[in-house]
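These notes concern the structure reproduced below.
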Amino acid sequence: MATLAGRGILGTFFHAPVRGEIEVLEDTLVLLDEAGVIREVIGPEDPGYRFELDRLDDHVVELPEGTYALPGFVDLHVHAPQYPQLGLALDEPLEVWLTKYTFPLEARYADLDFARQAYETLVTDLLATGTTTALYFATVHREATQLLADICIKKGQRALVGKVVMDDPEANPDYYRDASTQAALADTRTVIDYIRAHPGNAAGRVLPVVTPRFIPSCTDEGLAGLGAISAETGAHVQTHCSESDWAHGHVLARYGHTDAEALDRFGLVTRKSVLAHSNFLTDDDMDRLAARGAAVAHCALSNAYFANSVFPLRKALEKHLHVGLGTDISGGPSASMFEACRMTVAASRMLEDGVDPALPAGQRGRAGSRVDLATAFHLATAGGGIALDLPIGLIAPGYRFDAVAIDATAPQGGVRLFGETRPQAIFEKMLYGATRANVSAVWVDGVQVVG
Ligand SMILES: [Zn+2]
């Protein structure tokens with residue numbers, strides 16, 4: 001695979017270091033070190049610009065006219081095994097959807113041939129749509145989880161991969177659960193060690209994640225054991241939190257306190273935790289997560305099908321929570337982070353205005369809830385990096401060069417510029433219109449993995 005390591009790339013970049021603002025780096029030279037980390041970002045007014053261009057000579061890759069680069073997208077919530085049912089099974093509430101469609105599908109990953117085919121397709125497709133980092137739930141199977149990590153390493157995607165824990169025999173079907181709590185914890189440790197010691201993973205581009213599916217599928221002993229493993233290994237944590245009325249109610253009935261508080265008591269809310277959905281967080285829950293530095297994976301499209309509500313994103317941001325965006329494949333029927341950005345904006349507008357036309361305008365929604373496209377894009381890139389505590393999501397010195405090139409002129413793509421030359425307008429048209437056909441190149445750690 002071609003690499004930009006030790007070289008430079010010249011073009012116009014868009015990124016969002018500050019929520020709600022797009023910064024345009026026009027005709028800018030980005031220099032990488034040998035590890036694919038951005039060493040310098042040099043604009044045309046910089047005195048060193050000409051010198052560096054001459055010095056690097058043909059070691060500079062230039063983006064073609066009409067092509068622009070963005071930081072790669074960080075998808076904070078993907079169920080890798082559910083990719084075969086993307087666009088299907090959207091007709092039941094969460095608790096029925098799991099047993100009717102999803103557990104039978106996930107159980108098939110005991111078959112490594114099936115797993116390989118599905119995971120190869122998924123990782124290829126996500127990279128091709130500009131997702132340079134994904135936070136993956138795998139399945140309960142140790143071998144298939146390790147296989148997903150192998151495939152991410154081979155294809156060069158930055159990924160965080162977790163073996164799902166579902167250890168409660170009362171709560172899970174016999175055909176799809178951990179054999180015992182002890183086995184679930186032992187397999188979790190084995191997968192962590194496997195990923196960290198992987199000979200192809202010396203750069204640590206793929207990381208392990210402690211992954212209780214959610215409280216309803218786990219025993220207290222299992223949850224406490226996973227909290228202890230996360231403390232001991234320093235691994236990331238991912239799970240679901242207060243996703244739907246049913247899931248929220250289940251935890252309240254079981255413990256007499258909220259999902260966020262319960263997870264925290266089990267040691268599962270850390271600086272490196274990502275809690276998916278979290279629609280029904282209380283004010284206290286938000287304060288708790290903010291104090292821990294934990295993050296929410298906001299899955300706006302999936303929430304429309306399974307969460308019974310719109311996540312109060314703007315409120316969470318005002319309470320200084322870390323938030324990134326997730327597709328929630330396949331609860332959300334799109335694998336595209338462009339789509340996640342669009343739906344984030346749309347959902348926030350629906351929360352603000354409200355949705356029941358029978359109500360008077362003043363009672364219909366929740367004032368002050370909307371976010372703009374620049375905020376959604378910030379969350380999909382820099383916000384994801386902050387959530388994971390990784391130096392990704394910005395075009396700035398010290399950050400990994402994970403980037404996506406968008407050809408805004410691609411005839412088969414969804415962007416039509418109509419002669420537009422204003423950078424901000426071009427950015428908005430790209431974010432709202434871009435499809436996979438507009439993605440002309442993708443880099444992770446400076447290595448070109450698409451195009
Ligand atoms: Zn999920």
Residues of segment 315-331 that turn out to be open to solvent by 40 Å² or more (accessible area, probe 1.4 Å) and closer than 12 Å to Asn279 by Cα, as a count: 1
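Residue-by-condition table, conditions (1) more than 16 Å from the ligand (Cβ to nearest atom); (2) within 20 Å of Leu90 (Cα to Cα); (3) touching a residue at least 12 places away in the same chain (Cβ under 8 Å):
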position: Thr282; (1), (2), (3): yes, no, yes
position: Ala291; (1), (2), (3): yes, no, no
position: Tyr305; (1), (2), (3): no, yes, yes
position: Arg314; (1), (2), (3): yes, no, yes
position: Asp328; (1), (2), (3): no, yes, yes
position: Gly332; (1), (2), (3): no, yes, yes
position: Ala347; (1), (2), (3): yes, yes, yes
position: Ala358; (1), (2), (3): yes, no, no
position: Arg364; (1), (2), (3): yes, no, no
Neighbours by Cβ (under 6 Å, 6+ apart or cross-chain): first from segment 426-449, surrounded by fewer than 17 Cβ atoms within 10 Å (Cβ to Cβ); second modelled with pLDDT of 95 or more and of a type in the set (Gly, Ala, Ser): Thr435/Gly413; Thr435/Gly414; Ala437/Ala410; Ala437/Gly413
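Can you tell me which residues in segment 262-288 are more than 14 Å from Pro212 (Cβ to Cβ) and not in a helix (DSSP H, G or I)?
Pass one, segment 262-288, residues more than 14 Å from Pro212 (Cβ to Cβ): 271-272, 277-288.
Of everything in segment 262-288, those that are more than 14 Å from Pro212 (Cβ to Cβ) and not in a helix (DSSP H, G or I) turn out to be Arg271, Lys272, His277, Ser278, Asn279, Phe280, Leu281, Thr282.
For every residue, the table says whether it meets (1) surrounded by 23 or more Cβ atoms within 10 Å (Cβ to Cβ); (2) within 22 Å of the chain's Cα centre (by Cα); (3) hydroxyl-bearing (Ser, Thr, Tyr); (4) within 16 Å of the ligand (Cβ to nearest atom).
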{"residue": "Leu86", "(1), (2), (3), (4)": "no, yes, no, yes"}
{"residue": "Leu94", "(1), (2), (3), (4)": "no, yes, no, yes"}
{"residue": "Ala107", "(1), (2), (3), (4)": "no, no, no, no"}
{"residue": "Val123", "(1), (2), (3), (4)": "yes, yes, no, no"}
Per-region count, segment 290-314, residues in contact with a strand residue (DSSP E or B) (Cβ under 6 Å, 6 or more places away or on another chain) and surrounded by fewer than 24 Cβ atoms within 10 Å (Cβ to Cβ): 0
Any hit, segment 241-248, residues being away from the ligand (no atom under 14 Å from the Cβ), crowded, with 17+ Cβ neighbours inside 10 Å and aliphatic (A, V, I, L, M): no
Answer residue from segment 334-345, given it is more than 16 Å from the ligand (Cβ to nearest atom) and closer than 20 Å to Gly87 by Cα and is most open to solvent (accessible area, probe 1.4 Å) among those: Glu339
Residues of segment 8-59 that turn out to be open to solvent by 70 Å² or more (accessible area, probe 1.4 Å) and either within 23 Å of Gly156 (Cβ to Cβ) or aromatic (Phe, Trp, Tyr) (or both), as a count: 4
Residue within segment 249-272 that is closer than 23 Å to Asn308 by Cβ, open to solvent by 10 Å² or more (accessible area, probe 1.4 Å) and within 16 Å of the ligand (Cβ to nearest atom) present: yes
Test for Gly324: is it in a loop (DSSP other than H, G, I, E, B), touching a helix residue (DSSP H, G or I) at 6+ places or on another chain (Cβ under 9 Å), in contact (Cβ under 8 Å) with a residue 60 or more places away in the chain and small (Gly, Ala, Ser): no
Leading residue by the ranking (surrounded by the fewest Cβ atoms within 10 Å (Cβ to Cβ)) among those in segment 167-177 that are more than 14 Å from Arg108 (Cα to Cα) and touching a residue at least 40 places away in the same chain (Cβ under 8 Å): Ala171
Residue satisfying condition, being on the phi > 0 side of the Ramachandran plot and either among the hydroxyl-bearing types (Ser, Thr, Tyr) or in contact (Cβ under 8 Å) with a residue 60 or more places away in the chain (or both), within set Asp372, Asp402, Asp407, Asp389: Asp389
Qualifying residues in segment 125-141 (those that are touching a helix residue (DSSP H, G or I) at 6+ places or on another chain (Cβ under 6 Å) and over 21 Å from Ala69 (Cα atoms)) - the one farthest from the ligand (Cβ to nearest atom): His141
Criterion: small (Gly, Ala, Ser), more than 16 Å from the ligand (Cβ to nearest atom), open to solvent by less than 10 Å² (accessible area, probe 1.4 Å) and within 24 Å of Tyr399 (Cβ to Cβ) - qualifying residue of Ala144, Ala149: Ala149
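Take segment 222-240 and flag every residue that is hydroxyl-bearing (Ser, Thr, Tyr) and surrounded by fewer than 17 Cβ atoms within 10 Å (Cβ to Cβ).
Of everything in segment 222-240, just one residue is hydroxyl-bearing (Ser, Thr, Tyr) and surrounded by fewer than 17 Cβ atoms within 10 Å (Cβ to Cβ), namely Thr233.
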Within segment 187-221, considering residues that are in contact with a Phe, Trp or Tyr (Cβ under 9 Å, 6 or more places away or on another chain), part of a helix (DSSP H, G or I) and of a type outside the set (A, V, I, L, M), the one least open to solvent (accessible area, probe 1.4 Å): Pro216
Candidate set: segment 37-61, residues that are touching a residue at least 60 places away in the same chain (Cβ under 8 Å) and out of contact with any Ser or Thr (no Cβ under 9 Å at 6 or more places or on another chain); chosen: the one farthest from the ligand (Cβ to nearest atom): Glu40
Any hit, segment 62-76, residues being on the phi < 0 side of the Ramachandran plot, within 15 Å of the ligand (Cβ to nearest atom) and under 21 Å from the mean Cα position of the chain (by Cα): yes
Residue identified as touching an Asp or Glu at 6+ places or on another chain (Cβ under 6 Å), among the hydroxyl-bearing types (Ser, Thr, Tyr) and at pLDDT 95 or above among Thr188, Thr139, Thr145: Thr139
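The values are calculated or read from the model by the stated rules, or taken from the named source; none is laboratory data. Since the model is a prediction, treat every value here as computed from it, not as a measurement. Every residue, glycine as well, gets a Cβ built from its backbone with ideal geometry; the counts of neighbours run over all protein chains shown. These area figures cover heavy atoms from the full protein model, side chains too; ligands, DNA and RNA do not enter into them. Shrake-Rupley method; radii C 1.70, N 1.55, O 1.52, S 1.80 Å.
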